[in-house]
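Shown next, in structure tokens, is the structure this report addresses.
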Amino acid sequence: MTEITRRPATQGVLLSLVAATVGFIGITLAAAGAAAPAAVGVVVLTVGLFRASRRIVTLGATALFIGIVYAGVLGGVAELLLIGTLGAVVSWDAGEYAIGVGEQLGRDADTTRLTVVHSAATLLVGIAGTAVVYAVFLAVGGGQPVAALVLVLLGATALVAALRGNRDTGRQVRRGR
């Protein structure tokens, strides 16, 4: 029997990096001054994926969010802020999922289908949440960047809370006697 390589699944790593790149582009187009924290976020997220560290992946996604907040403070375009937020959330979730799948099944297992389905579901939930936030922004905000920033942060918080709600609480399962 061969030993399982407990590293993040390659497909999940790629999906996470693509989503982080989309987030970075959205943030940078919203406000060029926010490119630095967003770039740091992508680099840190990448390091976390290759080191199989959930903590570092979360730190990278947090840096992406700091880029989103900074772009909002600079008066970035709401639509691009929403795209950046969606990219950051999907990259964080795909990265966490890739690490979890890698721990369970190993890097060499064919996880393409389950990784794509999971990330597609995250993306669909994110698009729905983004659409609601954008509709509220259009109805109430009237083009105010601060209102967009608050709505983006509330929407991202709700999405992350929903995604984290289904995760294991960290309790160990005892098997056997």
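Segment residue 116..residue 136, full-extension length gain: 4.2 nm, with 0.36 nm per residue of separation and the alpha-carbon distance subtracted. If you plug the beta carbon distance of residue 109 and residue 160 into 1/(1 + (r/R0)^6) with R0 = 25 Å, you get a FRET efficiency near 0.40. Residue-wise HN-Hα couplings along the stretch 33-41, as the Karplus relation 6.51 cos²θ - 1.76 cosθ + 1.60 with θ = phi - 60° gives them from phi, are x, 8, 5, 4, x, 5, 5, 4, x Hz; Gly and Pro carry x. Once you sort the root eigenvalues of the Cα gyration tensor of the stretch 17-65 as a ≥ b ≥ c, which label holds: rounded (a/c under 1.5), prolate (a/b larger than b/c) or oblate (the other case)? Verdict is prolate for the stretch 17-65. For the pair residue 36 and residue 3, label points projected 7 Å from Cα toward Cβ lie 4.4 nm apart.
Just so you know, all these numbers are worked out from the coordinates, no wet-lab data involved. The shown structure was predicted, so the numbers you read here are calculated from the model rather than taken from an experiment. With ideal geometry, Cβ positions are generated from the backbone for all residues, glycine too; neighbour counts draw on all protein chains shown.
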